[in-house]
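Working notes for the structure below.
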Amino acid sequence: MERISRYVPLGAGGPQVSALGLGCMSLSGAYGAGDDAEGVKLIRSALDRGVTFLDTADMYGWGRNETLVGAALAGRRGEAFVATKFGYVRGEGDALLINGRPDYVFRACDASLTRLKLDHIDLYYQHRVDPDVPIDETVDAMGQLVRKGKVRHIGLSEARPETIRRAQKVFPVSAAQTEFSLLYRVEAQETLETARELGIAFVACSPLGRGLLTSAAPSSAGIAGDRPATHPRFSARNLARNLELVDRLAQLAKAKGCSPSQLALAYVLAKGAIPIPGTRRLARLEKNVEALDVALSEQDAAALEQAIPADAAAGERYPPDLLAKACL
């Protein structure tokens, strides 16, 4: 099994990470029941291939995912660059709330370190911006974690460009993460440009449109019961439209001699982003890694953008309650 040889700096002058990372959310129940033992095997297989950039969060499985990642890293800490996130908390009736208060930032970090069994976190994101707490206060607390040695770098997830700029004045931000794919790229474009300007890494979550941009795109029935089933893009009406767009991608991928998912990832890579596709299957991990070998010219990228216009996707990225928490 060959190891990848493509690495990029995490922002201007930052540490080297694999040009393609592994999103670990799907290993802990977000896309159907997870198997921790299989999840550990998958993460270790990713490390074997040289995929160093692992992405998790304290709300993925409410701690379970961080525990799984920690187990996978036993004896292999030096091979991984670990990113995790804080911010989401459970309220009454399991309502999703956001907490960006400094005292919570410190508690959340300690809890994540315990679950991950690490003495420091390589990249610590605020998962969502707390609208009730000035970003200056949250980021100052994150900076204190860096000074204490508990965190190496900080990042913001689903933050507006103006929020990123404001945060950057308080403490250096190393990475900005948001959803970015051929299907959903309108909202991310300004963030991507802001990241380039400020020398910040842009990390693309859901680079395969939550499974839509693959050779085995899901049906409404196939995702019933899974968390993504609540996303508007998967409603019967929207899904039919989105699968028409996927068919266009498949035709271009066939001409290119690769799979639709590989072409979709190659597009994200060509835009200077670090994609972090998630999967629970080793075969899919292998396919994703092979996307690094797909050469994409400017003409190829333009053809993709013409086939799938920026505003062509049907359905918002999130259901209303989650959409209200994104991009603050």
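Compute the signed sum of charges (Lys and Arg +1, Asp and Glu -1) over the other residues within less than 10 Å, Cβ to Cβ, of residue 233. Write out the running numbers ahead of the final one.
Numbers: positive: 210, 241, 317; negative: 316.
Every neighbour counted, the sum reads +2.
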- prompt: What's the angle, to the nearest 10 degrees (0 to 90), between helix 102-116's Cα axis and the longest principal axis of the chain?
  reply: 70 degrees
message: Explain nothing, just compute: Karplus ³J(HN,Hα) = 6.51 cos²θ - 1.76 cosθ + 1.60, θ = phi - 60°, for every residue of the range 63-71 in order, whole Hz, x for Gly and Pro.
response: x, 4, 5, 5, 4, 5, 4, x, 5
- line: Subtracting the Cα-Cα distance of residue 198 and residue 74 from 0.36 nm times their residue separation yields 41.1 nm
message: Need the C-alpha centroid separation for the range 157-215 versus the range 3-64, integer Å.
response: 18 Å
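Just to confirm a number: summing +1 for Lys and Arg and -1 for Asp and Glu over residues other than residue 272 whose beta-carbon lies under 14 angstrom from that of residue 272, what do you get? List each step's numbers first, then the result.
Numbers: positive: 6, 185, 196, 271; negative: 193, 197, 298.
For residues surrounding residue 272, the net value is +1.
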- prompt: Around residue 100, with a cut-off of 9 angstrom between Cβ atoms, what is the net charge of the other residues, counting Lys and Arg +1 and Asp and Glu -1?
  reply: -1
- prompt: Along its principal axes, what span do the Cα atoms of the range 1-51 show, with the longest given first and each in whole Å?
  reply: 39, 25, 12
- prompt: Short version: ³J(HN,Hα) in whole Hz for each residue of the range 137-142, in order, from phi by Karplus 6.51 cos²θ - 1.76 cosθ + 1.60 (θ = phi - 60°), x for Gly and Pro, what are they?
  reply: 5, 5, 5, 4, 5, 5
- prompt: In degrees from 0 to 90, rounded to the nearest 10, what is the angle of the helix 260-270 Cα long axis to the longest principal axis of the chain?
  reply: 50 degrees
task: Have a look at the range 41-167 and give its Rg and Dmax from the Cα atoms, expressed in angstrom.
output: 14.6, 43
- prompt: Could you put 66, 38 in order, starting from the residue whose Cβ has the fewest other Cβ atoms within 10 Å?
  reply: 38, 66
- prompt: Relative to the longest principal Cα axis of the chain, at what angle does helix 236-256 sit, 0 to 90 degrees, rounded to 10?
  reply: 70 degrees
message: If each residue of separation counts as 0.36 nm, what is the full-extension length gain between residue 311 and residue 299 once their alpha-carbon separation is subtracted?
response: 2.3 nm
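Any number yet on Rg/Rh for the range 140-205, C-alpha, Kirkwood? Show your work: numbers first, answer last.
Numbers: Rg = 12.2 Å, Rh = 12.2 Å.
Checking Rg against Rh, the ratio lands at 1.01.
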Length gained when the stretch residue 169-residue 241 is fully extended (0.36 nm per residue, less Cα-Cα span): 21.7 nm
message: Using only the alpha-carbon atoms, what does the chain span along each of its principal axes? Please give whole angstrom values in decreasing order.
response: 52, 42, 40
- request: Quick one: which residues, 5+ away or cross-chain, put their amide H under 5 Å from the amide H of residue 98? H built at 1.01 Å from N.
  value: 89
- request: For each of 231, 120, count neighbouring Cβ atoms within 10 Å of the residue's Cβ, then give the residues from fewest to most.
  value: 120, 231
message: Relative contact order for the chain: what percent, with Cα pairs under 8 Å and sequence separation of 6 or more?
response: 19 percent
message: I need the phi-derived Karplus couplings for the range 78-87: 6.51 cos²θ - 1.76 cosθ + 1.60, θ = phi - 60°, integer Hz, Gly and Pro marked x.
response: x, 8, 10, 10, 9, 10, 9, 9, 10, x
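Which pairs in the list 41/287; 41/85; 41/150; 85/150 are over 20 Å apart, alpha-carbon to alpha-carbon?
Details: 41/287 17 Å; 41/85 23 Å; 41/150 27 Å; 85/150 14 Å.
From the list (41/287; 41/85; 41/150; 85/150), the Cα-Cα distance tops 20 Å for 41/85; 41/150.
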statement: The answer for residue 17, listing residues at least 5 apart or on another chain whose modeled amide H is closer than 5 Å to its amide H, is 8, 10
message: If amide hydrogens are placed 1.01 Å from N in the peptide plane, which non-local residues have theirs closer than 5 Å to the one on residue 203?
response: 176, 177, 178, 274
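Readers should treat all values here as calculations from the given coordinates under stated rules, not as data from a laboratory. Source: prediction; values computed, not measured. Virtual Cβ from ideal backbone geometry, glycine too; neighbours counted across all protein chains shown.
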